[in-house]
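Right, one structure below, let's go through it.
The values are calculated or read from the model by the stated rules, or taken from the named source; none is laboratory data. Bear in mind the structure is a predicted one, so any value in this text is a computation, not a measurement. When we count neighbours, we look across all protein chains shown, and the Cβ atoms used for this are built from the backbone with ideal geometry, even at glycine. Note: accessible area is taken over every heavy atom of the protein model, side chains too, but ligands, DNA and RNA are not part of it. Shrake-Rupley method; radii C 1.70, N 1.55, O 1.52, S 1.80 Å.
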Amino acid sequence: MKFYVRTYGCQMNVADSNEMGRHLKAHGLVETQDPEEASILLVNTCTVRQHAEDRAFSEIGRLKRWKAGHAGRKVVVTGCAAERTKEYLEDRFPFVDLVVGAKSIEDFGLMAQRLLERRETDEELDYAHPSVGDKVAAFVTIMRGCNYSCTYCIVPYVRGREIYHSLDQILGETADRVREGAREITLLGQTVNSYRHGQYRFADLLQAVAQVEGVERVRFISPHPYYMTDRVIEKMATVPEVCESLHLPVQSGSNTMLKAMARNYTREQYVSLIGKMRGAMPEMTVSTDIIVGFPGETDDDFRRTLSMVEELQFDWGFIFKYSTREGTPAANLECLPQELIEERHQRCLELIDRIALEKRSALLGTMQEVLVEEENFGRTRTNYKVHIQGQFQPGEHVRVRITNAQRATLQGESDDGNFTFQNFRQENRGRAGARS
Ligand code: SAM
Ligand code: SF4
C-alpha cells in the first residue's frame, strides 16, 4: 500500500509532511512519487497567504475524481489551512476522509492508525516493506507555534503558542535522521532561535546538535532578529558544523511599517545585527523575507525598503505581496490598491534579483565545497544550490569549480584531488578574497 504527499508552504510544512510520512511508513506503507499508484493521498496545506490556500483547495477539489478512480483510496488534508477552515473543508469536500489541523500534527500517528484500521478492501492489506529514508539534508522540528503577533500573520492562530521539544528528544531525532542517511540537519521553528527548554537556550542546542555523531552541517530556519544574541552568533562563528548562511526575515526597511507590523526591532537594529554577523563570518550569505504593500505603506516607506536591500546586499530573498488574513489585526486596515502592490512587488523583485545575480556571478571560477544531495546536485555551506557535472554519491563532499552562475542554481565541475572536508575548509579560508 502506497501513499503520496503533496506539500504546500514553508519548510515547517515539509518537515511536518516528513513526520507524517514516517508515521505512515511505520504502519508499513511506502511513499510513491506517482499519485496514481497511491492508496492514500495527503495534502499538507498552507494558509500564510490567500494564494497558497486557494491552490491547495483547488487541488483537493480535483481529488474527488482521483478517489473515485480506485476502491479504498483515501484523502487526508492536513496543515495550517486545515486548522483554519476545518468545518468549511468538511462541508465543501465531503469525500475527504481525515482532516488534521496544524495544531494536531503531533497526534497524526494515532489518527493515521484509526484511518488505516478503517480498511475497506482486501487489496489494501497488501502491505509493502517500509523503506528507509535516505535524505542527506533532513529537518528536525525543535519547537511548534509562535508567541509573536505580527499584525499580518495567521501562523499564531493556526499553530498556537510556542511549545519546545526537549534537548534529548531533538538529539534523539537528529541521531535517527543520521542513521537514515542525513549529513546535514536543519533545525526548524517559527522563531527557531527563541528556543528554550530547562536551562538550555538555542546557542546550547546548536552546539549539541553539531556534536551528534555523523552530523556534518547544521542550519536553522526561521530565526527572529530579536533572538539573534551574541551567544548564537558566537556559536555560528566557532562551531565548525554550523553553516555560514542565514535567512533572517526583515519584512520592511521602514520603521513606520515595522512598528505597524509589530516587529520588535528597527531598521537600524537589523542593519547593525547583519554588520555584526558579517564581521564574525565574512563568508556568510544572508537572505530575507520582505512584504510589500502592507496597509498604509507610502512611497517613502517603500523606498526605504529598496534602500535597505541596496545597503545590505542580500544574497537572495523572498518578496511577498501583502495578503489579508482574516482574523489578524491588519485585516481591519484599508488595503492598498492591488495594482500598486503588484508594481512594488515587481520593482523589489527586480532589485533583489539584480543583486542576487551579481553575488552569484562573483562566485564564477571559485572552488566550493558541495555536499551532494542527489546524484549531481548539492549545496554549498553558504546554501547555494549547485548542479555538478557527473554523478556522485549522496552524502559525498565534492570540491566544485563554479562554471556558470547565471541561473538561480549554480553549475560547476568537480575538481579532482585528495580532498577531505576538514582540509578543504582550511584551504578555502586561506584563499579567501583570492578567487581562483
Ligand atoms: N516566523 C517567520 C518570521 O517571523 O520571520 C516567518 C514565517 S512566515 C510562514 C514566512 C513569511 O511569510 C514571513 O516572513 C512573511 O514575509 C510572509 N508572510 C506572512 N504573512 C503574510 C501575509 N499576510 N502576507 C504576505 N506575506 C506574509
Ligand atoms: Fe508570523 Fe511573526 Fe510569528 Fe513569524 S514571528 S510566525 S511572521 S507571527
When Glu59 is evaluated against the numbered criteria (1) farther than 28 Å from Ile163 by Cα; (2) assigned to a helix (DSSP H, G or I); (3) touching a Lys or Arg at 6+ places or on another chain (Cβ under 7 Å); (4) open to solvent by 30 Å² or more (accessible area, probe 1.4 Å), which criterion, by number, is the only one it fails?
(4)
Can you pull out the residues in segment 29-51 that are touching a residue at least 60 places away in the same chain (Cβ under 8 Å), open to solvent by 10 Å² or more (accessible area, probe 1.4 Å) and not in a strand (DSSP E or B)?
Ser39, Val48, Arg49, Gln50, His51
In contact with a Cys (Cβ under 9 Å, 6 or more places away or on another chain) and closer than 21 Å to Asp176 by Cα: is that true of Val218 in this structure?
yes
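One line per residue, one yes/no per condition, for (1) of a type in the set (A, V, I, L, M, F, W, C); (2) more than 21 Å from Asp301 (Cα to Cα); (3) free of Cβ contacts under 8 Å to residues at least 60 places away in the same chain:
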| residue | (1), (2), (3) |
| --- | --- |
| Ala331 | yes, no, yes |
| Ile341 | yes, no, yes |
| Leu351 | yes, no, yes |
| Leu363 | yes, yes, yes |
| Val370 | yes, yes, yes |
| Val386 | yes, yes, yes |
| Phe392 | yes, yes, yes |
| Gln406 | no, yes, yes |
I'd like the residue in segment 4-19 that is within 11 Å of ligand 1 (Cβ to nearest atom) and open to solvent by 50 Å² or more (accessible area, probe 1.4 Å) and, out of all such residues, is nearest to the chain's Cα centre (by Cα).
Gln11
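Here is a yes/no grid of residues against (1) within 16 Å of ligand 1 (Cβ to nearest atom); (2) within 25 Å of Ser272 (Cα to Cα); (3) modelled with pLDDT under 95:
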| site | (1), (2), (3) |
| --- | --- |
| Cys150 | yes, yes, no |
| Asp168 | no, no, no |
| Ala175 | no, no, no |
| Thr191 | yes, yes, no |
| His197 | no, no, no |
| Ala203 | no, yes, no |
| His224 | yes, yes, no |
| Asp230 | no, yes, no |
| Met236 | no, yes, no |
Considering each residue of segment 230-248, count those that are in contact with a helix residue (DSSP H, G or I) (Cβ under 8 Å, 6 or more places away or on another chain) and part of a loop (DSSP other than H, G, I, E, B), and give that number.
5
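I'm checking my understanding of the structure. Among residues of segment 262-288 that are farther than 12 Å from Thr305 by Cβ and touching a strand residue (DSSP E or B) at 6+ places or on another chain (Cβ under 8 Å), which one is most open to solvent (accessible area, probe 1.4 Å)?
Filtering segment 262-288 for residues farther than 12 Å from Thr305 by Cβ gives 262-266, 268-269, 271-287.
Pick out the ones that are also touching a strand residue (DSSP E or B) at 6+ places or on another chain (Cβ under 8 Å) and you get 263, 274, 277-278, 284-287.
On the way: Arg263: 26, Ile274: 2, Met277: 0, Arg278: 64, Met284: 10, Thr285: 7, Val286: 0, Ser287: 3 Å².
Step by step, filter segment 262-288, then rank; the result is Arg278.
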All but one of (1) in contact with a Leu (Cβ under 8 Å, 6 or more places away or on another chain); (2) open to solvent by less than 40 Å² (accessible area, probe 1.4 Å) hold for Phe392, so report the exception by its number.
(1)
Looking for whichever is modelled with pLDDT of 90 or more and more than 30 Å from Arg217 (Cα to Cα) here; the options are Gly145, Gly101. Which one fits?
Gly101
Might you check whether a residue that is farther than 30 Å from Cys243 by Cα, assigned to a loop (DSSP other than H, G, I, E, B) and open to solvent by less than 70 Å² (accessible area, probe 1.4 Å) occurs anywhere in segment 307-323?
yes
Take segment 159-187 and flag every residue that is of a type in the set (Gly, Ala, Ser) and touching a residue at least 60 places away in the same chain (Cβ under 8 Å).
Gly181
Any residue that is open to solvent by less than 10 Å² (accessible area, probe 1.4 Å), more than 16 Å from ligand 2 (Cβ to nearest atom) and in a helix (DSSP H, G or I) - is there at least one of those in segment 80-92?
yes
State whether the residues of segment 190-201 include one that is touching a Gly at 6+ places or on another chain (Cβ under 9 Å) and within 16 Å of ligand 2 (Cβ to nearest atom).
yes
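Could you tell me which residue of segment 203-259 is surrounded by the fewest Cβ atoms within 10 Å (Cβ to Cβ), considering only residues that are within 16 Å of ligand 2 (Cβ to nearest atom) and over 19 Å from the mean Cα position of the chain (by Cα)?
If we filter segment 203-259 for residues that are within 16 Å of ligand 2 (Cβ to nearest atom), which is where we start, we get 220-228, 246-252, 257-259.
Okay, now just the ones that are also over 19 Å from the mean Cα position of the chain (by Cα), so 226, 252, 257-259.
Working: Tyr226: 15, Ser252: 24, Met257: 23, Leu258: 23, Lys259: 13.
Here the answer is Lys259.
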